[in-house]
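The values are calculated or read from the model by the stated rules, or taken from the named source; none is laboratory data. Keep in mind that what you see is a predicted model, and the values were worked out from it rather than measured. A quick note on method: Cβ atoms are made from the backbone with ideal geometry, for glycine too, and the neighbour counts reach across all protein chains shown. Heavy atoms of the whole protein, side chains included, go into the accessibility calculation; ligands, DNA and RNA do not. Shrake-Rupley method; radii C 1.70, N 1.55, O 1.52, S 1.80 Å.
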Amino acid sequence: MQRRDFLKSTSLFAATLAAGQASAFNLWKSAANKRVALVGTGVRGSSLWGKNLVENYGEEVTFVGLCDINPGRLETVREYMGVDCPTYTDFDKMVSETRPEWVIVTTMDSTHSEFIIKSLEAGVNVITEKPMTTDAEKCQAILDAQKKTGGEVLVTFNYRHSPHNTAIKQLLHDDRVGKVTSVDFHWYLNVYHGASYFRRWHAYVENSGSLWVHKATHHFDLLNWWVGATPVEVTAYGALEHYGKNGPFRGASCRTCDHKAECPYFWDITKDKRAMELYVDNEEYDGYIRDSCVFREDIDIWDKMSAQILYDNGVVVNYSLTTYSPYEGYRIAFNGHDGRIDSWEDIPYQRGEYNEEEQADLHKAEMSFGKEETPTEFHEIIVHENFEPDFESIKVPKYRYGHGGGDRRMLDYLFVKPDAADPLGHMAGTRDGALSVLIGVAARKSLAERRTVRIDELVKV
Ligand SMILES: NC(=O)c1ccc[n+]([C@@H]2O[C@H](COP(=O)([O-])OP(=O)(O)OC[C@H]3O[C@@H](n4cnc5c(N)ncnc54)[C@H](O)[C@@H]3O)[C@@H](O)[C@H]2O)c1
């Protein structure tokens with residue numbers, strides 16, 4: 001393809017995707033108290049989108065129905081949330097009987113598209129958890145359904161809302177290092193949080209799209225938002241070298257395992273009251289084993305991932321995701337014509353301390369919400385302009401709970417001040433949802449076919 005044709009087709013692709021989001025979330029802004037129904041009463045659905053909304057956003061939201069395929073978990077969660085709305089194992093029945101204005105989708109990733117599309121077709125708008133979906137076909141079907149129905153789909157990218165990530169966006173928006181030409185972005189999941197994906201439904205591409213989609217959708221969305229451009233090509237490498245079939249032994253679940261004493265990944269679910277109530281007490285209904293072995297032979301997702309991404313404005317990204325690091329954190333750097341921005345989260349030797357217990361609890365803190373602690377630490381962003389001997393160190397308050405403070409800020413944005421201006425574009429819709437997923441889908445295809453994959457090969461517009 002000639003360069004001119006390449007640019008033309010790329011910008012056409014971007015423009016058509018953007019059209020699906022042009023409504024600027026007007027439907028969302030119009031309703032004061034929203035009648036919502038929620039599908040997927042697992043940990044995220046029952047906590048952030050469940051009990052938390054009931055307790056902290058009761059004036060803005062009324063629950064009219066709850067749905068899950070697991071009737072036991074459904075009942076546990078209805079009580080946990082303290083609501084008396086009807087519960088359903090049949091989504092269509094819930095929508096037709098309760099007539100919600102909005103459906104909140106918090107089910108297993110690969111099922112999101114079904115509920116997004118059914119809602120849109122029933123004239124109901126959607127708030128969906130990330131990832132919007134897990135493959136190109138489902139992505140296409142969502143984009144088509146939204147175009148056909150004119151409904152609204154909000155994709156809840158909470159990471160955008162953390163003060164740290166917002167401050168990085170602001171610096172780029174303010175053009176502090178001139179035109180950005182390349183980005184280095186490396187994300188480390190520790191041996192607790194990283195391993196947790198290999199215990200759960202996430203361990204199969206069929207369910208989660210792999211961590212290229214389930215986890216990296218957060219990172220690719222941040223990149224797309226920070227860089228402010230459309231991804232066009234992806235070249236990826238990856239392997240499963242640590243978990244799954246690589247383990248020296250295995251068992252049916254941690255609870256029943258013969259290798260408890262010798263396995264560094266042994267997790268005693270019986271000590272986690274909430275996990276017992278949500279999952280173990282309801283195993284009889286769906287057979288879902290929440291403390292499955294991280295060394296199951298049939299695990300088919302990657303545990304080492306690395307990609308190069310080219311954007312339509314020429315930016316090149318070097319990205320990697322590690323799933324068995326001693327610590328949890330990230331590093332990012334933006335190289336611009338006029339300087340460089342560096343930042344990082346939670347690198348122990350830069351914080352001056354390493355705490356194993358804290359590492360084990362980090363993910364729990366990330367998933368907790370409600371308490372907005374007074375920050376005692378800060379994140380640092382370094383802005384170093386070319387030919388300047390001094391660099392600027394910008395300190396941003398650090399919040400440990402609710403995804404770096406992103407969850408609370410996102411919900412306030414959504415529910416308390418939906419009419420507020422959005423100068424940095426924090427709100428995300430199907431375009432953002434699609435592009436962040438499609439980078440991961442392109443990475444999977446690149447690995448399978450050992451070649452560079454164009455994003456517009458995946459979704460036809
Ligand atoms: N934004 C974030 O930071 C964040 C954090 C955690 C989870 N999530 C997202 O939230 C979603 C739920 O994750 P989770 O950790 O709560 O998982 P989970 O396993 O605890 O809950 C998923 C629930 O969906 C139900 N379910 C599965 N298939 C269904 C179907 N076909 N119909 C109805 N119900 C079905 C399951 O029974 C379960 O109750 C995922 O998409 C995940 O990516 C986002």
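So here's what we get for this one:
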{"item": "Heavy-atom accessible surface of segment 341-408: percent carbon and sulfur, 1.4 Å", "result": "50 percent"}
{"item": "Linear extension gain, Lys417 paired with Glu358, 0.36 nm per residue minus alpha-carbon span", "result": "17.8 nm"}
{"item": "Per DSSP, loop trypsin sites (Lys or Arg not before Pro) in segment 377-452 with at most 15 further Cβ within 10 Å", "result": "Arg450, Arg451"}
{"item": "Theoretical ellipticity at 222 nm over the chain - DSSP helices of four or more residues, -39500 (n - 2.57) apiece, nearest 500", "result": "-10000 deg cm²/dmol"}
{"item": "Where N is the number of residues in the chain, Cα Rg divided by 2.2 N^0.38 Å", "result": "0.96"}
{"item": "Under the Debye formula (equal points on every Cα, no solvent term), log10 I(q)/I(0) of segment 18-166 at q = 0.20 Å⁻¹", "result": "-1.33"}
{"item": "Rounded percent of accessible protein surface that carbon and sulfur make up, segment 32-101, 1.4 Å probe", "result": "46 percent"}
{"item": "Portion, in percent, of the accessible area of segment 201-254 that falls on carbon or sulfur, probe 1.4 Å", "result": "51 percent"}
{"item": "In order through segment 326-336: 3J(HN,Hα) via Karplus (6.51 cos²θ - 1.76 cosθ + 1.60), integer Hz, x for Gly, Pro", "result": "x, 9, 9, x, 8, 10, 9, 9, 10, 9, x"}
{"item": "Ordering of 347-359, 198-210, 122-134 by burial proxy (mean other Cβ atoms within 10 Å per residue, highest first)", "result": "122-134, 198-210, 347-359"}
{"item": "Extension reserve of the Phe387-Ala32 stretch, reckoned as 0.36 nm per residue once the Cα distance is removed", "result": "122.6 nm"}
{"item": "The chain, accessible area per residue, ligands and nucleic acids excluded (1.4 Å, Å²)", "result": "42 Å²"}
{"item": "Dipole magnitude (debye, nearest 20) for the chain, charges at Cβ of Lys, Arg, Asp, Glu", "result": "940 debye"}
